[in-house]
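Novice: This is the structure I have questions about; it appears just below.
Any read-out appearing in this document is the output of simple, stated calculations on the displayed coordinates, not a laboratory observation. Owing to the predicted nature of the structure, the values given are computational and were not obtained by experimental measurement. When we count neighbours, we look across all protein chains shown, and the Cβ atoms used for this are built from the backbone with ideal geometry, even at glycine.
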Amino acid sequence: MQQILTLVGAHQTGLAQTLVDAATAALQSSGIGCGVPDWLAPALACDIAIGPCEATPTMAFLAARLQNQPVDFAIQPVAGRRKRLLLADMDSTIVMGETLDELADQAGLGERIAAVTARAMNGEIEFQTALKERVALLAQLPVAALERTLERLALMPGACQLVRTMRHHGAHTLLVSGGFRYFTTRVAQRVGFDGDEANDLEIADGRLTGRVREPILDKDAKLAHLDRAVARLAITRRDVVAVGDGANDLAMLEAAGLGVAYRAKPVVAARVLVRVDHGDLTALLYFQGYCRDDIRG
C-alpha cells in the first residue's frame, strides 16, 4: 500500500526547504525511499511519497530527528486520506481558551477553577466529577455572563477553513464538546458545522443553578457520537478525522482513522500519533491531501 509523508510548517513562518531535506535524509538513512516533494501550499505544506514502513515507529523516529523544529507531520496510506466525517472538540481546539474558565473569571474564581480544568484535561481527575465540581462553584452566576463570555470567544486560526473546506467537498462536520450547548450551538453556526453536541447548564430565574443536566457528555459519549455518525453516514471509523486537545478527547482520537492532537495536553500528546503543535487547523486539510487552492472560508 502506497504511503505518503505530509509535512506542514508553522503557520507564522512556513516550511523551510531545509526541514524537508532533513526529513527525507532521516528516512533515507533508515532505508526508506522518498519521492520528490509535491507542494500542496508553497513554502507551507508538501507531500512526499515514501517506501513501505510502519507508521508508528517511523513517526517516532522522525519526531526524534526533527525534535524542536517548527514542523508537523503525518504518515498515512494514500488510499482513504480524504475523510468523510470531521469530529472536533471546541474548547482550546476550535476556540481559544476554555469557556468554563472564562465564566469562572466573571465569578471571581478564575484561578481556582482553571486549576481543576488543567488537571481534568490532562486526565489526572475524572471528567464528570471535575465538571460537576466546577459548575457547582458558578451557582447564582447570571445568564448575562454567558453572553459576555461568548462575545470574548476567539476562533482558533484555520477553524473556519477546516470546516468549510471539508463541507464543500462533501464531508459531514460535527462539533462535540464536554463544554456547554449555549456556546457550541453559536460557535457551530459561526464556523459552519453541520451540528453540535454538548452539555446543558441548568438555569432558573435567569441564573445558573450550579448543576449540569444529565447525562453528561464525557469521553465515552464523544466516542458514542462518533459511532452514531459513522452508522448514520454508512461509513467506517477509517473515514473519520477527529481533533482535540484534552484527555476527554482521547477515545474519539484513537478511534478515528486520522486522530489529531491539536496543541494537546501531555497525556494526549503522548498517546496520539499525529500532532499539530506548530501549524494551525488547516494542517488537518493538508494531511488529507487538500491543496491551498482547495481551501474555503
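Novice: Measure nothing fancy, just the Cα-based angle from helix 55-65's long axis to the longest principal axis of the chain, in degrees from 0 to 90, nearest 10.
Specialist: Between helix and principal axis, roughly 90 degrees.
Novice: Take the alpha carbon atoms of segment 222-297, find their center, do the same for segment 160-211, and report the distance between the two centers in whole angstrom.
Specialist: 17 Å
Novice: May I pose another question? Using only Cα atoms, tell me the angle between helix 159-168 and the longest principal axis of the chain; keep it within 0 to 90° and round to the nearest 10.
Specialist: So the inclination is approximately 70 degrees.
Novice: By count of other Cβ within 10 Å, fewest leading, how are Ser29, Ser92, Ser177 ordered? Please list the in-between numbers first.
Specialist: On the way: Ser29 10, Ser92 21, Ser177 27.
Listing Ser29, Ser92, Ser177 from fewest to most nearby Cβ atoms yields Ser29, Ser92, Ser177.
Novice: Given the options Gly179, Ala41, Leu141, identify the residue whose Cα lies farthest towards the positive end of the charge dipole of the chain (+1 on Cβ of Lys, Arg; -1 on Cβ of Asp, Glu).
Specialist: Working it through, the farthest residue towards the positive pole turns out to be Ala41.
Novice: I'd like the distance between the alpha-carbon centres of segment 116-148 and segment 1-52, rounded to an integer number of Å.
Specialist: After rounding, the separation between the Cα centres reads 42 Å.
Novice: Now for a separate question. May I ask for the net charge around Arg84, where only other residues with Cβ less than 10 Å from the Cβ of Arg84 are counted and Lys, Arg are +1 while Asp, Glu are -1?
Specialist: It works out to a net charge of +2.
Novice: A follow-up question, please. Local charge sum around Ile4 (other residues, Cβ-Cβ under 14 Å, Lys/Arg +1, Asp/Glu -1)? Spell out each step's value before the answer.
Specialist: Values: positive: Arg81, Arg82; negative: Asp38, Asp47.
Taking every other residue near Ile4 into account, the sum is 0.
Novice: Just in segment 97-185: which GluC sites (Glu not before Pro) are loop by DSSP and have at most 16 other Cβ atoms within 10 Å? Provide the component values of the computation, followed by the final result.
Specialist: Values: sites: Glu98, Glu102, Glu111, Glu124, Glu126, Glu133, Glu147, Glu151; in loops: Glu98, Glu124, Glu126.
In loop regions of segment 97-185 (DSSP not H, G, I, E or B), the sparsely surrounded GluC sites (Glu not before Pro) are Glu124, Glu126.
Novice: Taking the Cα centre as origin and putting +1 on Lys and Arg beta-carbons and -1 on Asp and Glu beta-carbons, what dipole magnitude results for segment 1-147, to the nearest 20 debye?
Specialist: Charge dipole of segment 1-147: 480 debye, to the nearest 20.
Novice: Counting DSSP beta bridges with both partners in the chain, what percentage is antiparallel, nearest 5?
Specialist: 55 percent
Novice: Treat every Asp and Glu Cβ in segment 133-224 as -1 and every Lys and Arg Cβ as +1, leave all other atoms uncharged, and give the resulting dipole magnitude about the Cα centre to the nearest 20 debye.
Specialist: 320 debye
Novice: How would Tyr286, Tyr182, Tyr262 line up from fewest to most surrounding beta-carbon atoms within 10 angstrom?
Specialist: With the fewest neighbours first, Tyr286, Tyr182, Tyr262 line up as Tyr182, Tyr286, Tyr262.
Novice: Restrict the search to segment 168-228; then list the trypsin sites (Lys or Arg not before Pro) that DSSP places in a loop and that have at most 16 other Cβ atoms within 10 Å of their Cβ.
Specialist: Arg213
Novice: Sorted from fewest to most neighbouring beta carbons within 10 Å, what does the list Cys46, Cys53, Cys291 look like?
Specialist: So the ranking, lowest neighbour count to highest, is Cys291, Cys53, Cys46.
Novice: Rounded to the nearest 10 degrees, what's the angle between the helix 110-121 long axis and the longest principal axis of the chain, both from Cα atoms, 0 to 90?
Specialist: Taking the Cα atoms of the chain, the angle to 110-121 is about 50 degrees.
Novice: What percent do you get for the relative contact order of segment 1-79 when only Cα pairs under 8 Å and 6+ apart count?
Specialist: Value for segment 1-79: 49 percent.
Novice: Using +1 on the beta carbon of Lys and Arg, -1 on that of Asp and Glu, and nothing else charged, what's the dipole of the chain about the Cα centre, debye to 20?
Specialist: Numbers: 31 positive and 35 negative charges, 97 e Å.
For the chain, the charge dipole is close to 460 debye.
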